[in-house]
Each structure stands twice: as structure tokens, then as C-alpha cells.
Amino acid sequence: FAINMTQMQLLEELGRGNYGTVKKVLHKPTNVLMAMKEIRLELDDAKLSAILMELDILHRAVASEIVEFYGAFFIESCVYYCMEYMDAGSLDKLQGAGVPESVLARITQSMVKGLKFLKDEMQIIHRDVKPTNVLVNKRGDIKLCDFGVSGQLEKSLAKTNIGCQSYMAPERIKGESQNNLGTYTVSSDVWSLGLSMIEIALGRYPYPPETYQNVFAQLTAIVNGPPPELPPGHSTKAIDFVSRCLVKEPQSRASYAELLEHPFLVEDRTREVDMVGWVASAVAYREAQKSSASSTGTASPSNSA
Ligand code: ADP
């Protein structure tokens with residue numbers, strides 16, 4: 001079925017990203033809560049229609065590790081993208097209270113399965129793997145969103161995406177500086193996965209804080225410096241797993257099949273993990289931080305960009 005704006009009851013704002021606002025909405029005909037992302041694009045109607053056609057393949061991206069797509073439409077120069085509402089929000093804001101290694105393993109399991117599904121079943125490379133693009137719900141599900149399906153949309157957005165924390169693999173940084181976008185392969189996502197895992201474990205972006213203000217220093221550290229590692233205190237399985245993702249040479253990085261057979265993920269499949277309990281405590285911590293920050297007037301020390 002095709003969805004449209006008249007069917008939506010607008011509820012609260014869920015967040016703002018680089019490209020627009022995300023609102024919680026109720027789709028009245030089905031009584032389904034959705035997250036509706038508004039993306040402002042100064043394009044003509046023909047280009048906007050082309051983007052909607054490209055987004056249509058998302059209807060086939062149905063997997064338990066992928067945020068469900070309900071449809072998209074445009075009004076004037078805005079694309080409205082409607083997806084499954086994830087009631088615990090994005091992972092970057094749930095890291096604060098700490099993430100036990102068993103939870104990290106379960107999160108990683110979902111991310112690898114989701115990425116492998118996109119590649120094998122949809123021939124899609126995610127291209128933007130990072131904790132803000134991993135959404136969580138109170139049932140403990142971990143799902144990926146914001147992957148690159150529409151070439152037109154990516155092109156229209158590309159220039160504005162200059163984050164201060166880069167998850168890009170070294171070969172992408174080098175390729176882009178040579179104006180060669182052809183170097184992007186699926187293994188670039190594996191790098192971003194490894195970097196995201198360290199961020200989830202540490203509760204902050206892995207490269208040194210002095211590089212946050214200086215894009216050049218950060219990109220130089222990624223290309224020329226040693227890859228980051230999980231700190232000691234983590235199991236050797238976890239440390240080894242991350243080191244298989246953060247190999248600077250893309251050809252030598254692990255594949256998804258290899259990662260799924262790695263002892264870190266094999267072990268995860270043998271144990272019970274209380275994801276519902278972890279999400280509940282992480283949400284409670286986030287809300288407590290938020291209210292103490294607003295009562296003292298200071299910003300919370302969140303590591304989001
Ligand atoms: P960015 O451009 O930084 O990736 P987005 O525009 O995708 O951010 O989203 C902004 C914020 O809206 C996110 O940080 C998240 O908290 C919230 N959000 C996005 N999608 C959903 C969703 N499907 N369910 C619940 N919250 C969401």
C-alpha cells in the first residue's frame with residue numbers, strides 16, 4: 001500500500017540528523033507507530049520521483065536485523081521516509097552506562113547478520129556503519145538503518161556529510177582524496193563495524209579527542225596511524241575479533257562469513273543474554289543524564305557528533 005501525509009498523526013520529535021528531522025508519527029489507517037524522517041532536497045519533481053523509485057527496493061529489505069521500511073513520499077522539496085519506530089533510539093546514546101561484553105557480542109552478531117543480509121540478498125553495501133545508525137528497541141532488538149540504496153539520494157546528500165568523527169576505512173579516505181570513489185567495497189563496512197564496536201565498548205569515539213576538532217589530523221591518524229584496539233580487560237576473543245575488522249589493508253580484512261564463524265560470535269550463539277534488561281537500564285541511565293543536564297543547564301557529555 002502507498003502511504004501519504006494525510007494518514008499521519010504527528011507526535012513528538014525523535015531527533016535531528018545532518019539532513020533533517022525525525023518525528024514519531026502514528027499511521028492512522030493501520031495504527032502503526034512509525035519514525036518519519038524529513039529530508040529537504042532542492043531538486044525538481046522528476047529527480048524526487050526517481051529517488052522514490054530507487055527507495056522502493058527497500059520494501060524487499062525485510063530481516064530481523066534491518067529497520068523496516070514502510071514507504072516514502074515527497075511534498076514540495078522534502079522527501080518523507082517512513083520506517084519502523086525503534087523505541088529505545090540509537091545506540092550512540094545508549095553506550096553511556098557501559099556495555100558488558102556479552103551485550104557487545106549480541107549487538108555485533110546482529111550488525112554482522114544485518115550487513116551480510118544486505119550484501120547477499122540485496123547487493124547493498126551499507127556505506128555508513130556507525131553507532132548512530134544502529135537502532136534499538138525495548139524488546140532488545142538491534143537493527144541497522146540509513147544504508148545507501150538510492151544513488152540519486154546519496155549524490156544529493158553527499159556534500160553535507162562532513163562529520164567530525166569519521167568511521168571511514170583508510171582506503172576510502174585515500175580514494176576520496178584522489179577523487180576515486182571506486183575503491184569502496186564491502187570490506188570498508190567491516191572497518192566501520194570494528195571502529196563502532198570499540199566506540200560501543202569505550203563509550204566514546206576511539207581516535208584521540210584532540211582529533212575531534214581537526215578533521216585533517218583525524219583522517220591522517222586513520223590512514224597513517226596504527227588501527228585502534230579494544231582495551232585490555234576485554235577477552236582475547238573480542239580483541240582478536242576487532243583486530244580482524246580493523247586491518248588497514250582491505251583485502252586482508254575479515255569477510256562476514258569469517259566473522260560469523262569467529263569464536264567471539266560462535267560463543268554468543270551459545271549463551272543467554274538479557275538484552276531486554278540491558279536496554280531498560282541503558283535507557284534509564286540516558287534519561288537520568290538528560291534530566292540532570294537540563295536541570296543544571298550543562299550539556300551532557302555525550303559523544304554524539
Ligand atoms: P543522522 O543523520 O545523525 O544519522 P538521523 O536523521 O538518521 O540522524 O536521525 C536523528 C535521530 O532520530 C537519531 O539519532 C535517532 O535518535 C532518531 N531516530 C532516527 N530514526 C529512528 C527510528 N526509526 N526510530 C526511533 N528513533 C529514530
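Does at least one position in the stretch 65-79 carry a residue that is in contact with an Asp or Glu (Cβ under 6 Å, 6 or more places away or on another chain) and closer than 28 Å to I239 by Cβ?
no
Quick test for you: out of L219, L193, L157, pick the one residue that is modelled with pLDDT of 85 or more and under 17 Å from the mean Cα position of the chain (by Cα).
L193
Taking the stretch 245-266 as the search range and keeping residues that are closer than 16 Å to P206 by Cα and touching a Ser or Thr at 6+ places or on another chain (Cβ under 9 Å), which one is surrounded by the fewest Cβ atoms within 10 Å (Cβ to Cβ)?
Only one residue fits best here, namely V247.
Suppose we keep only residues that are touching a residue at least 24 places away in the same chain (Cβ under 8 Å) and charged (D, E, K, R) within the stretch 185-216. Which one would you say is surrounded by the fewest Cβ atoms within 10 Å (Cβ to Cβ)?
Applying the filter and picking the extreme gives R204.
Name, by its number, the condition in (1) modelled with pLDDT of 95 or more; (2) within 25 Å of P208 (Cβ to Cβ) that does not hold for P263.
Here P263 clears every test but (2).
Among the residues of the stretch 19-49 satisfying the criterion of being small (G, A, S) and surrounded by 16 or more Cβ atoms within 10 Å (Cβ to Cβ), which is farthest from the ligand (Cβ to nearest atom)?
G20
In the stretch 94-109, how many are modelled with pLDDT under 95 and either out of contact with any Phe, Trp or Tyr (no Cβ under 6 Å at 6 or more places or on another chain) or crowded, with 23+ Cβ neighbours inside 10 Å (or both)?
Of the residues in that region, 2 qualify.
Out of curiosity, is A2 more than 30 Å from P231 (Cβ to Cβ), part of a loop (DSSP other than H, G, I, E, B), touching a helix residue (DSSP H, G or I) at 6+ places or on another chain (Cβ under 7 Å) and touching a residue at least 40 places away in the same chain (Cβ under 8 Å)?
In short, no.
Is it true that some residue in the stretch 246-255 is in contact with a Cys (Cβ under 9 Å, 6 or more places away or on another chain) and closer than 27 Å to G148 by Cα?
yes
List the residue pairs whose Cβ atoms are under 6 Å apart, where the first residue sits in the stretch 67-88 and is over 10 Å from C145 (Cβ atoms), the second is polar (S, T, N, Q) and not in a strand (DSSP E or B), and the two are 6 or more positions apart or on different chains.
F73/N4; D87/N137; A88/N137
Restricting attention to the stretch 50-83, and to residues there that are charged (D, E, K, R) and crowded, with 19+ Cβ neighbours inside 10 Å, which single residue is nearest to the ligand (Cβ to nearest atom)?
My answer is E68.
Residues that are under 28 Å from K113 (Cβ atoms) and basic (K, R): does the stretch 55-67 have at least one?
Yes - at least one qualifying residue is present in the stretch 55-67.
Could you count how many residues in the stretch 43-85 are within 22 Å of L26 (Cβ to Cβ), outside any strand (DSSP E or B) and of a type in the set (G, A, S)?
Number of matching residues: 0.
Which condition does V134 not pass, out of (1) within 9 Å of the ligand (Cβ to nearest atom); (2) crowded, with 21+ Cβ neighbours inside 10 Å, if it passes all the others?
So the condition that V134 fails would be (1).
Could you please let me know if G96 is out of contact with any Pro (no Cβ under 6 Å at 6 or more places or on another chain), within 16 Å of the ligand (Cβ to nearest atom) and within 20 Å of F147 (Cβ to Cβ)?
When the stated conditions are applied, G96 does not pass them.
Going through the stretch 118-131 one residue at a time, which ones are of a type in the set (D, E, K, R), more than 10 Å from the ligand (Cβ to nearest atom) and either touching a Pro at 6+ places or on another chain (Cβ under 6 Å) or modelled with pLDDT of 95 or more (or both)?
Selection gives K119, D120, E121.
What's the total number of residues in the stretch 137-154 that are away from the ligand (no atom under 11 Å from the Cβ), of a type outside the set (A, V, I, L, M) and at pLDDT 95 or above?
4
The values are calculated or read from the model by the stated rules, or taken from the named source; none is laboratory data. Being a predicted model, the structure only gives us computed values, none of them experimental. No Cβ is skipped: glycine too gets one built from the backbone with ideal geometry, and neighbour counts run over all protein chains shown.
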